[in-house]
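**Q** Below is a structure I'd like to ask you about.
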Amino acid sequence: MNFELEPPKHGGDLEAFLRSENLDPKSADRWLDLSSACNREPWPIPESFLENSAKLWYELPDAFALQQAANEYFGLAPLAVGAGTQQFIEILPALLIEHAKSKKVWVPAVGYQEHGFSWRKWGYDVREYQDVSELLINEWDIAVVISPNNPSGQYLTSAQSEQLKVLLESSERYLVLDEAFLDATPEASWLNGPLPRSCFVLRSVGKFFGLAGARVGFMFGDQAFAASTKSLVGPWPVATPALHLVTQALKDRDWQAEALASLAERHAYFEANMVPKLNTLFDSQDMMHTPLFHTWQLELDQALKAVQALHSVGIHIRLGQGWVRLSLPAGHEMQRLNHGLVRLLQGHQLKELG
């Protein structure tokens, strides 16, 4: 075990970036921060909750109501509620350490880096794959799949899903399926059908609902792991106000329908009006997307220059190893992004794009 490894970097880091550049963190409000891939039009906190939530800070958390709401929303009872999907990523190596045949685990080379980081901390032999198809032809005991993948935007295909399920049913393997970004395309979830016994599915309210600060996630899997999962998570992983808030959000079907419609409308506008400008700015059309974000594959030096250019007009995005990612802006943020892009492109004598 090695708990002193260098942790991965994350988006949503505007204030940390400003501090690193010796800029006033209080100036964050003057930036358009598209570095996090969470919904920029989050579920609205009800006024009644804000007015009457004081007593919640004095009550020990009871997750019963949230578990019921999750059962109705996902169509399946979670093994446990935790402090975001991150908490389950942290405990899975300990949960499986005595169950898997070996300590070899395959994780995506491009994807949420906390997965590989967590297994490495616990001394697992971590191997990286470029495409899910590699899991269909290689031997493995534990594998992590992210669908849709952040930042690549890739989903499991129906054929890949069926092949993975066959593998799980026919051999002693364990699959961790991270569906944290799937709420905007729920038809693609493995929770819609019988879940293989050796599969763990992770879901979050931080992405589609935009409630990353609530720190609430769910893990689904075989009930045989329920007791050990809850033991590893601990008795009160989520604060009482967050439990009440997320319970309301999962029950708010009207907002969920409106959010799906808003994402589709904003996505269409972004594709028509922003993507051509960004393609020109990045000098690349190698782009993947989900309803919540767009990712461009770029050479590292090209990516650095693109980020610096956007910083010059007050727009902060996510920079990775050979890629950049923008979260889908809120409706009221589109014109601010457009104005910044036009300024940059006019500086390159491309005024016709304005």
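The values are calculated or read from the model by the stated rules, or taken from the named source; none is laboratory data. Since this is a predicted model, take the numbers as computed values, not measurements. A quick note on method: Cβ atoms are made from the backbone with ideal geometry, for glycine too, and the neighbour counts reach across all protein chains shown. In case anyone asks, the SASA skips ligands and DNA or RNA and just uses the protein heavy atoms, side chains included. Shrake-Rupley method; radii C 1.70, N 1.55, O 1.52, S 1.80 Å.
**Q** Taking the options Phe225, Phe282, name whichever one is of a type in the set (A, V, I, L, M, F, W, C), surrounded by 14 or more Cβ atoms within 10 Å (Cβ to Cβ) and at pLDDT 95 or above.
**A** Values: Phe282 fails: at pLDDT 95 or above.
Of the residues listed, the single one that is of a type in the set (A, V, I, L, M, F, W, C), surrounded by 14 or more Cβ atoms within 10 Å (Cβ to Cβ) and at pLDDT 95 or above is Phe225.
**Q** Among what's in the stretch 142-163 and is hydrophobic (A, V, I, L, M, F, W, C) and in contact with a helix residue (DSSP H, G or I) (Cβ under 7 Å, 6 or more places away or on another chain), pick the residue that is surrounded by the fewest Cβ atoms within 10 Å (Cβ to Cβ).
**A** So the first thing to find is which residues in the stretch 142-163 are hydrophobic (A, V, I, L, M, F, W, C), and the list is 142-146, 156, 159.
In the following step, the residues that additionally are in contact with a helix residue (DSSP H, G or I) (Cβ under 7 Å, 6 or more places away or on another chain) were identified as 142-145, 156.
On the way: Ile142: 24, Ala143: 24, Val144: 26, Val145: 25, Leu156: 21.
Selected residue: Leu156.
**Q** Follow-up question, since we're still on this one. Any idea which of (1) polar (S, T, N, Q); (2) at negative phi; (3) modelled with pLDDT under 95 is the one Gln335 doesn't satisfy?
**A** With respect to (1) polar (S, T, N, Q); (2) at negative phi; (3) modelled with pLDDT under 95, Gln335 is out only on (3).
**Q** Then there's this: Can you confirm whether the stretch 323-332 contains a residue that is out of contact with any helix residue (DSSP H, G or I) (no Cβ under 9 Å at 6 or more places or on another chain) and closer than 26 Å to Tyr155 by Cα? Write out each step before concluding.
**A** In the first step, residues of the stretch 323-332 are kept if they are out of contact with any helix residue (DSSP H, G or I) (no Cβ under 9 Å at 6 or more places or on another chain); the result is 325, 327, 332.
Those left that are additionally closer than 26 Å to Tyr155 by Cα: 325, 327.
Yes, the stretch 323-332 contains a residue that is out of contact with any helix residue (DSSP H, G or I) (no Cβ under 9 Å at 6 or more places or on another chain) and closer than 26 Å to Tyr155 by Cα.
**Q** Same structure, new question: Taking interchain pairs and intrachain pairs at least six residues apart, which have beta carbon atoms under 8 angstrom, with the first residue in the stretch 85-96 and touching a residue at least 12 places away in the same chain (Cβ under 8 Å) and the second acidic (Asp, Glu) and in a helix (DSSP H, G or I)?
**A** Short answer, once both residue conditions are applied: Gln86/Glu114; Ile89/Glu114.
**Q** Of the residues Arg266, Arg215, Arg253, which is exposed (fewer than 14 other Cβ atoms within 10 Å of the Cβ) and of a type in the set (Lys, Arg)?
**A** On the way: Arg266 fails: exposed (fewer than 14 other Cβ atoms within 10 Å of the Cβ); Arg215 fails: exposed (fewer than 14 other Cβ atoms within 10 Å of the Cβ).
Exactly one of Arg266, Arg215, Arg253 is exposed (fewer than 14 other Cβ atoms within 10 Å of the Cβ) and of a type in the set (Lys, Arg), namely Arg253.
**Q** Is it the case, given these coordinates, that Phe218 is in a loop (DSSP other than H, G, I, E, B), within 30 Å of Phe293 (Cα to Cα) and under 17 Å from the mean Cα position of the chain (by Cα)?
**A** Working: in a loop (DSSP other than H, G, I, E, B): no; within 30 Å of Phe293 (Cα to Cα): yes; under 17 Å from the mean Cα position of the chain (by Cα): yes.
No, not satisfied.
**Q** Please report, ordered by residue number, the helices (runs of 4 or more DSSP H) entirely within the stretch 1-76 with at least 2 residues that are at pLDDT 95 or above.
**A** Because the criterion is at least 2 residues that are at pLDDT 95 or above, the helices (runs of 4 or more DSSP H) in the stretch 1-76 that meet it are 64-74.
**Q** Taking only pairs six or more apart or across chains, which ones have beta-carbon atoms under 8 Å, a first residue in the stretch 1-24 that is over 21 Å from Ile317 (Cβ atoms), and a second residue that is assigned to a loop (DSSP other than H, G, I, E, B) and at pLDDT 80 or above?
**A** Filtered contacts from the stretch 1-24: Met1/Trp122; Met1/Gly123; Asn2/Gly123.
**Q** What is the residue count in the stretch 1-22 for residues that are farther than 30 Å from Tyr124 by Cα, under 24 Å from the mean Cα position of the chain (by Cα) and of a type in the set (Asp, Glu)?
**A** Looking only at the stretch 1-22, we keep the residues that are farther than 30 Å from Tyr124 by Cα, and these are 14-22.
After this cut, where a residue has to be under 24 Å from the mean Cα position of the chain (by Cα) as well, the list is 14-18.
From what is left, the residues that are of a type in the set (Asp, Glu) are 15.
Qualifying residue count for the region: 1.
**Q** Across the stretch 156-172, what is the number of residues that are without any contact (Cβ under 8 Å) to a residue 60 or more places away in the chain and part of a loop (DSSP other than H, G, I, E, B)? Spell out the reasoning first.
**A** Of the residues in the stretch 156-172, the ones without any contact (Cβ under 8 Å) to a residue 60 or more places away in the chain are 156-171.
If we keep only those that are part of a loop (DSSP other than H, G, I, E, B) as well, we get 156-157, 171.
Matching residues across the stretch 156-172 total 3.
**Q** Can I ask one more? From the list Leu260, Leu292, Leu319, Leu326, which one is within 21 Å of the chain's Cα centre (by Cα), without any contact (Cβ under 8 Å) to a residue 24 or more places away in the chain and either closer than 19 Å to Asn150 by Cβ or crowded, with 16+ Cβ neighbours inside 10 Å (or both)? Don't jump to the end; show me each part of the working.
**A** Numbers: Leu260 fails: without any contact (Cβ under 8 Å) to a residue 24 or more places away in the chain; Leu292 fails: without any contact (Cβ under 8 Å) to a residue 24 or more places away in the chain; Leu326 fails: without any contact (Cβ under 8 Å) to a residue 24 or more places away in the chain.
Result of the check over Leu260, Leu292, Leu319, Leu326: Leu319.
**Q** Another question, then. Take the residues of the stretch 164-190 that are among the aliphatic types (A, V, I, L, M) and under 22 Å from His99 (Cβ atoms): which is most open to solvent (accessible area, probe 1.4 Å)?
**A** We begin by selecting, within the stretch 164-190, every residue among the aliphatic types (A, V, I, L, M); these are 164, 166-168, 175-177, 180, 182, 184, 188.
With under 22 Å from His99 (Cβ atoms) added as a condition, the list becomes 164, 166-168, 175-177.
On the way: Leu164: 1, Val166: 93, Leu167: 35, Leu168: 8, Leu175: 1, Val176: 2, Leu177: 1 Å².
Once the filter is applied, the top-ranked residue is Val166.
**Q** Which condition breaks for Glu139 when tested against (1) of a type outside the set (Val, Ile, Thr); (2) part of a loop (DSSP other than H, G, I, E, B); (3) open to solvent by less than 60 Å² (accessible area, probe 1.4 Å)?
**A** If we test Glu139 against (1) of a type outside the set (Val, Ile, Thr); (2) part of a loop (DSSP other than H, G, I, E, B); (3) open to solvent by less than 60 Å² (accessible area, probe 1.4 Å), just (3) comes out false.
**Q** How many residues are within 12 Å of Lys121 (Cα to Cα) and small (Gly, Ala, Ser) if we restrict to the stretch 76-98? Before you say what the answer is, go through the steps one by one.
**A** Looking only at the stretch 76-98, we keep the residues that are within 12 Å of Lys121 (Cα to Cα), and these are 89-94.
Restricting the remaining residues to those that are small (Gly, Ala, Ser) gives 94.
Total satisfying the criteria: 1.
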